[in-house]
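The values are calculated or read from the model by the stated rules, or taken from the named source; none is laboratory data. Just so we're clear, the structure is a prediction, and the values are computed from it rather than from any experiment. With ideal geometry, Cβ positions are generated from the backbone for all residues, glycine too; neighbour counts draw on all protein chains shown. Calculation scope for accessible area: heavy atoms of the full protein, side chains included, ligands and nucleic acids excluded. Shrake-Rupley method; radii C 1.70, N 1.55, O 1.52, S 1.80 Å.
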Amino acid sequence: MDTNQINQAEIIPMPRIGEKAPAFKAVTTQGDIDFPNQYKGKWVILFSHPADFTPVCTSEFMTFANMSKQFDKANCQLVGLSVDGLYSHIAWLRTIKEKIQYKGMKNIEVKFPLIEDITMEVAKKYGMIQPGESNTKAVRAVFFIDPKGIIRTILYYPLSLGRNFDELYRVLIALQTADAYSVALPADWRPGDDVIVPTAGSCGVAKQRMANKKDMTCYDWFFCTKKLSKDLVNKIIGKK
Ligand code: BEZ
């Protein structure tokens, strides 16, 4: 690939965690979309795939569509995107529904919107075109956007690797839990596991807190956890 092309792509700023999700209007398989405005008050996962009628993408769409009720219950809407046109999207989703049986899934209807982005305008805004990987296809990007339209997590996968949709659900629930209970979540956290109590401002305060600890386990002054039951996590899932 021509290095000049890479340099041109690099000057488009990539959205970052903590920033407002870039706004756009587009056509989708479910009608027009005004993003992220029409999703105010809801979590959204905006994700891209390289191309319709390709195997990894098909396995991903079937898996995501099969889990979509679970995401819906967690107040989260799914929005897909590729640089293919609307008629390609419609034909591909129809093929998935009518013809593909995969891992026990069949008759899978993709009810969430799939954006057509033939101009790559949206894909470029979201840093989904990464020329080192491909300059004609979007990589597998995943943006978690909160009910206020702020980007909270970004994941990127290459063309050849399908995503883990249990992990995407885990991230969503972890973000909602962190917000609701003002805690942080340790490695591999799952609902029901201990959560991390935010570090106190100074070592002195933290040591005092450790000495008075009732419901905490402290591994050192900067690392304390407490219990947070699965029931308490389930209680907030889907709430704003
Ligand atoms: C796939 O979804 O199978 C795929 C798409 C683009 C490049 C490589 C694989």
Seminar exercise, completed: Checked region 72-83 for anything touching a residue at least 40 places away in the same chain (Cβ under 8 Å), closer than 23 Å to Asn107 by Cβ and within 16 Å of the ligand (Cβ to nearest atom); matches are Ser82
Exercise. Does any residue in region 137-164 that is of a type in the set (Asp, Glu) come within less than 7 Å, Cβ to Cβ, of a residue that is open to solvent by less than 40 Å² (accessible area, probe 1.4 Å) six or more places away or on a different chain, and which pairs are these?
Worked result: Asp146/Trp43
Exercise. Do you know which of the residues in region 146-172 that are out of contact with any helix residue (DSSP H, G or I) (no Cβ under 7 Å at 6 or more places or on another chain) and of a type in the set (Val, Ile, Thr) is nearest to the ligand (Cβ to nearest atom)?
Worked result: Ile154
Problem set entry | Residue match in region 119-133 (condition: without any contact (Cβ under 8 Å) to a residue 40 or more places away in the chain and more than 14 Å from the ligand (Cβ to nearest atom)) | yes
Exercise. Within region 180-203, is there a residue that is modelled with pLDDT under 95, part of a helix (DSSP H, G or I) and either touching a Ser or Thr at 6+ places or on another chain (Cβ under 6 Å) or open to solvent by 40 Å² or more (accessible area, probe 1.4 Å) (or both)?
Worked result: yes
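Looking at Thr29, is it open to solvent by less than 60 Å² (accessible area, probe 1.4 Å) and more than 16 Å from the ligand (Cβ to nearest atom)?
yes
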For this session: Return the residue satisfying two criteria in turn: it lies in region 38-71 and is over 23 Å from Trp92 (Cα atoms) and either open to solvent by 10 Å² or more (accessible area, probe 1.4 Å) or polar (S, T, N, Q) (or both), and of such residues it is nearest to the ligand (Cβ to nearest atom).
Result: Gln70
For this session: Specify the residue that is farthest from the chain's Cα centre (by Cα); the eligible residues are those in region 26-67 that are in a helix (DSSP H, G or I) and small (Gly, Ala, Ser).
Result: Ser59
For this session: List every residue pair whose Cβ atoms sit under 6 Å apart, with the two residues 6 or more apart in sequence or on different chains, where the first one lies in region 53-71 and is within 17 Å of Glu98 (Cβ to Cβ) and assigned by TED's automatic domain parsing to the domain that holds His89 and the second, anywhere, is within 15 Å of the ligand (Cβ to nearest atom) and part of a helix (DSSP H, G or I).
Result: Phe53/Trp92
Exercise. Pro186 passes all but one of (1) more than 18 Å from Gln77 (Cβ to Cβ); (2) of a type outside the set (Phe, Trp, Tyr); (3) in the same structural domain as Ala74 (by TED's automatic domain parsing); which number fails?
Worked result: (3)
Exercise. When you look at Pro15, is it in a loop (DSSP other than H, G, I, E, B) and open to solvent by less than 20 Å² (accessible area, probe 1.4 Å), yes or no?
Worked result: yes
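Restricting to region 72-85, count the residues that are over 17 Å from Ile145 (Cβ atoms), surrounded by fewer than 17 Cβ atoms within 10 Å (Cβ to Cβ) and under 16 Å from the mean Cα position of the chain (by Cα).
Qualifying residue count for the region: 1.
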